[in-house]
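Read the structure below first, then the notes.
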Amino acid sequence: MQERQTPMTEGITDPLKVLVDDAMVASWIREGLPSDPTSVQNGTILTNSERWPLMMDPQLQGIVWIKERESKNSLQASWGARRVRG
């Protein structure tokens, strides 16, 4: 962030720590979210979004986590690419 001169409150080295704590990340991992940094970043974005965030999930690990996490809310998820003809 500093290399790109992005304005940020002094003393904050990791913006994710402002949005989510270690206990929340641990609960996501127990729910099936992979523990790699990209998955944790995606989980942070998903849980802090007010609308429908885009999730790039080529290995379908995140969709499994979301379906499990939101099953109590009757989530209906769909995935798969449609071919667009030019």
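Can you confirm whether Leu54 is hydrophobic (A, V, I, L, M, F, W, C) and without any contact (Cβ under 8 Å) to a residue 12 or more places away in the chain? Can you show your working first?
Numbers: hydrophobic (A, V, I, L, M, F, W, C): yes; without any contact (Cβ under 8 Å) to a residue 12 or more places away in the chain: yes.
So Leu54 fits the description; yes.
Let me confirm something: among Leu19, Leu33, Leu46, which residue is over 18 Å from Lys67 (Cα atoms), out of contact with any Asp or Glu (no Cβ under 6 Å at 6 or more places or on another chain) and surrounded by 11 or more Cβ atoms within 10 Å (Cβ to Cβ)?
Working: Leu33 fails: over 18 Å from Lys67 (Cα atoms); Leu46 fails: over 18 Å from Lys67 (Cα atoms).
Within the list Leu19, Leu33, Leu46, the selection yields Leu19.
Given the conditions (1) loosely packed, with under 14 Cβ neighbours inside 10 Å; (2) at pLDDT below 85, which single one is not true for Arg69?
Here Arg69 meets the rest and fails (1).
When region 40-58 is examined, which residues are found to be modelled with pLDDT of 80 or more and either within 20 Å of Ile29 (Cα to Cα) or polar (S, T, N, Q) (or both)? Before you say what the answer is, go through the steps one by one.
Residues of region 40-58 that are modelled with pLDDT of 80 or more, as a first pass: 40-51.
Matches in region 40-58: Val40, Gln41, Asn42, Gly43, Thr44, Ile45, Leu46, Thr47, Asn48, Ser49.
Looking only at helices (runs of 4 or more DSSP H) that fall completely inside region 1-67, which ones have 3 or more residues that are of a type outside the set (Ser, Thr, Tyr) and more than 14 Å from the chain's Cα centre (by Cα)?
In region 1-67, 22-31 are the helices (runs of 4 or more DSSP H) which contain 3 or more residues that are of a type outside the set (Ser, Thr, Tyr) and more than 14 Å from the chain's Cα centre (by Cα).
The values are calculated or read from the model by the stated rules, or taken from the named source; none is laboratory data. Here the structure is a predicted model, which is why all the values come from computation and not from measurement. Because the Cβ atoms are built from the backbone with ideal geometry, glycine has one as well, and the counts that use them run over all protein chains shown.
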